[in-house]
Amino acid sequence: MRKALVFALFLGLAFPLSATADSLAKFQGGIGVIPVSSGQGTAATATVVNRNIVRGVQPPGQIWVIADLQADVSGDGRITVEGRGLLLGGGNNIGTNANQSVRATLLCANDGNVLHDSGLVALAANGDFRIDDLLSPAPPNPCDSAVLLIRNSGGSWFAAGLPKDN
C-alpha cells in the first residue's frame, strides 16, 4: 500500500495534470479592433485606407473594445473563452453590444490559417460572453503562431487574444 502511494505521488509530480500539459494555445488579455490600419492622402480625409485584415479575416466597419479575455485551447480542440466588455468603441451606438453574437476562431500558420471555429454565443448587454465548445475543424497539434480572433456571425473580427506562454 505504501509503495503504491509513493508511486502515485511520483507520477503526479513527474507528469502534471493532462489539462495543463495538453494545452495547445493560451491567451490572456485582448485587443479590440480598429478597422483601419492606415490612410493615404494629404487631405483632411484620407482618400485611400488600408483595412486591418488579420490573416485574411476582415474587420468590421467600426471600432470595438474589450476589457478582458482569457482563453485556453486543448490538444483535442476544446476551447474555453471568458470575455468581458466587448462593446462598440465608436459611432452612434457606442458602448452597446449592437445585439451581436460572437464565436472564437483559432488560426494556425502551419495549416494555411484555416478557420477553426466555435459555435456562436450572444453578447450580454455589458459585452460579456463565455464560450465552451469544440473547434471545427479540429486544429493541428502543434498549432504554430496561433492567433485567436473573436468574430461575429458575418465573419468580421472584433477582438484578438494576446498569446500567453504555455
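Since every read-out is calculated from the coordinates, none of them should be taken as a lab result. For clarity, every value in this text was computed on a predicted model and none was experimentally measured. Reconstructed Cβ throughout: ideal geometry from the backbone, glycine too, with neighbour counts over all protein chains shown.
Points worth noting:
To keep it simple, each residue is scored yes or no on (1) within 13 Å of the chain's Cα centre (by Cα); (2) without any contact (Cβ under 8 Å) to a residue 12 or more places away in the chain.
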{"position": "G61", "(1), (2)": "no, no"}
{"position": "G83", "(1), (2)": "yes, no"}
{"position": "N92", "(1), (2)": "no, yes"}
{"position": "D111", "(1), (2)": "no, no"}
{"position": "V114", "(1), (2)": "no, no"}
{"position": "P163", "(1), (2)": "yes, no"}
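- Looking only at residues of the range 65-81 that are among the hydrophobic types (A, V, I, L, M, F, W, C), closer than 16 Å to F27 by Cα and more than 11 Å from the chain's Cα centre (by Cα), we find that the one that is surrounded by the most Cβ atoms within 10 Å (Cβ to Cβ) is I66.
- When residues of the range 36-64 are limited to those that are of a type in the set (S, T, Y) and part of a strand (DSSP E or B), the one surrounded by the fewest Cβ atoms within 10 Å (Cβ to Cβ): S38
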